[in-house]
Amino acid sequence: MKVWFAVSILLVFVTHLILSAPALAQSSATVQLERSLKLIDAKDDQYRAVIAISPTAQDEAAVLDDSGGGLLKGMPILIKDNIDMLGLPTTAGSLALLENYPEKDAPSIAQLKQAGGLILGKTNLSEWANFRSEKSSSGWSAVGGQTHNAIDVSRSPCGSSSGSGVAVALGYVDVAIGTETHGSIICPASANGVVGFKPTHGIVSGDGIVPLASSQDTAGPLASSIENASLVLSAMIDPAAENYVGLVEGLQNLKKGRHLKGLRLGVMASTLGYDSRRDALFQRAVKKLEKAGVVVIEGINLKAYDGFWDDNYKLLKYEFKRDLNAYFKGRSNATSEFTLASLIEFNRINALDELKHFDQGIFEQSQALELDEDVYHSIRDKGHTAMREDGLDKVYSEHQLDGIIGITGGPAWKIDHINGDAFHGPSMSAYPAIGGYPHVTIPSGKISGMPVGLSFIGKRYEDHVLARIVYGFSQLSE
């Protein structure tokens, strides 16, 4: 009798679960949205990570509830405010673009929506993707104010995808989208203790994104885990991208990848030797890898030709003026008449708001730069050769490497609107950013309570292979 009673109770319970399961599943997008909004409302006055909330978010959540949520299951996603989404202006943090309403979503955002992502709103950023002044303060924009580090509000969130990194670190969302030209996904991820995934250049469409320099610009996720970052990236990849099927299938099935045993990872020597505390965290990671059967090759070095860094800076300034003017010309709103020259004048007129913390020296240098088209192509091609055939590709081949590891960067510095940013120690961002290689950073540990990242660089168009390596590492115990 007791057994039958217990079984009866169990059957009633199971029947209740079966009957209630559809309702629970259908409410998931709305429940996730409400949770995100409550956290933002409770915390963000202090951190200023979010610029705006989508006016249609609740309606879109209801639609996702009815449809089942797709691949991303109604996941709330915040996007950096230099990426187009319907219903909100794309400001790049500048007061000049407050009326820059797009006619459609950027392709990468449309793809996220199609996959069941709920675009919650916009994150703050370093104004103009941190390419306005050499004395800038990461995370500051005239539209959004100063974003603060998620761990210590007196410290920098790093830029320029600062709001995206802070939003994930504070738990508003599990994934936010940033953009990178030279470290702007990787640095805020490292400084705030989250995962950052800068994909191979070109596999995510750059359309509908305020440009900095098209030869290096890319969008990518900052996330609470490599699994979430990889899943969202899989939904963003341009269907016309090289190795599209392999990338998508691999990113969505990390557990089916190769185990760590027997992998060969090289150590980027230039990131070591600056700070013994950074080195100690890195060596702890190396020991875990070696214990898992990874062959770690020390002493990997890359050296570009003399004048390489000056050439790259010149290239960025040239492309910035060219690409930004073309971006404005293609708009169908009030910003279509803008040019870099008129932006410079706008900032001068509105100096009390726009220039109160730092100047627009990079704008002025870019506007003044005159570069012959043939010279530009020569510099660009020479730089790519230095980073690829004579750089990372050569290192991969010579040492038979599956990837390269190193210290992402130092802990966040104090926010300083007088002197600007103060990076501490070499980072891993430059080579993969300029060469166009995939780069993932994950939390490695902390120095005096502030996060420091561990970087993994992969081969171009093998983002899924890199993600599997990082996933394997994330599963290792101490």
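The values are calculated or read from the model by the stated rules, or taken from the named source; none is laboratory data. None of these values were measured; they are calculated from a predicted model. So basically every Cβ, Gly included, is an ideal-geometry build from the backbone, and we count neighbours across all protein chains shown. Side chains included, ligands, DNA and RNA excluded: accessible areas come from the protein's heavy atoms. Shrake-Rupley method; radii C 1.70, N 1.55, O 1.52, S 1.80 Å.
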Item checked: Test: residue 403 is in contact with a helix residue (DSSP H, G or I) (Cβ under 8 Å, 6 or more places away or on another chain) and either of a type in the set (Ser, Thr, Tyr) or in contact (Cβ under 8 Å) with a residue 40 or more places away in the chain (or both) -> yes
Check: Looking at the stretch 396-440, which of its residues are of a type in the set (Val, Ile, Thr) and open to solvent by less than 10 Å² (accessible area, probe 1.4 Å)?
Finding: 404, 405, 407, 408, 434, 440
Note to self: Restricting to the stretch 216-267, and then to whatever is in contact with a Lys or Arg (Cβ under 6 Å, 6 or more places away or on another chain) and open to solvent by 10 Å² or more (accessible area, probe 1.4 Å), can you tell me which residue is modelled with the lowest pLDDT?
What the structure shows: 257
Notebook entry, point to check: Got a sec? Which helices (runs of 4 or more DSSP H) wholly within the stretch 388-478 have at least 2 residues that are under 29 Å from residue 134 (Cβ atoms)?
Noted result: 430-435
Item checked: Odd one out for residue 289 among (1) on the phi > 0 side of the Ramachandran plot; (2) part of a helix (DSSP H, G or I) -> (1)
Margin query: For the stretch 158-199, give me each residue that is more than 20 Å from residue 428 (Cβ to Cβ), open to solvent by less than 10 Å² (accessible area, probe 1.4 Å) and not aliphatic (A, V, I, L, M).
Written below: 163, 172
Notebook entry, point to check: Would you say residue 277 is more than 18 Å from residue 403 (Cβ to Cβ), among the basic types (Lys, Arg) and either open to solvent by less than 40 Å² (accessible area, probe 1.4 Å) or at pLDDT 95 or above (or both)?
Noted result: yes
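For the stretch 154-171, which residues satisfy the criterion of being closer than 27 Å to residue 72 by Cβ and not in a loop (DSSP other than H, G, I, E, B)? Quick ask: steps written out before the conclusion?
Let us first name the residues in the stretch 154-171 that are closer than 27 Å to residue 72 by Cβ, namely 157-171.
162, 163, 164, 165, 166, 167, 168, 169, listed by residue number.
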Next item on the list: Would you check which residues across the stretch 55-97 are at pLDDT 95 or above, surrounded by fewer than 21 Cβ atoms within 10 Å (Cβ to Cβ) and part of a loop (DSSP other than H, G, I, E, B) and list them?
Entry: 55, 56, 71, 73, 86, 87, 89
Check: How do the pairs read when you match residues in the stretch 325-337 that are within 12 Å of residue 99 (Cβ to Cβ) and part of a helix (DSSP H, G or I) with residues anywhere that are open to solvent by 60 Å² or more (accessible area, probe 1.4 Å) and among the basic types (Lys, Arg), using Cβ under 8 Å and keeping only pairs 6 or more apart or on different chains?
Finding: 336/329
Next item on the list: Run down 125, 120, 112 and say which single residue is aliphatic (A, V, I, L, M), in a loop (DSSP other than H, G, I, E, B), at negative phi and open to solvent by less than 10 Å² (accessible area, probe 1.4 Å).
Entry: 125
Note to self: Any residue at all in the stretch 142-153 that's modelled with pLDDT under 95 and not in a strand (DSSP E or B)?
What the structure shows: no
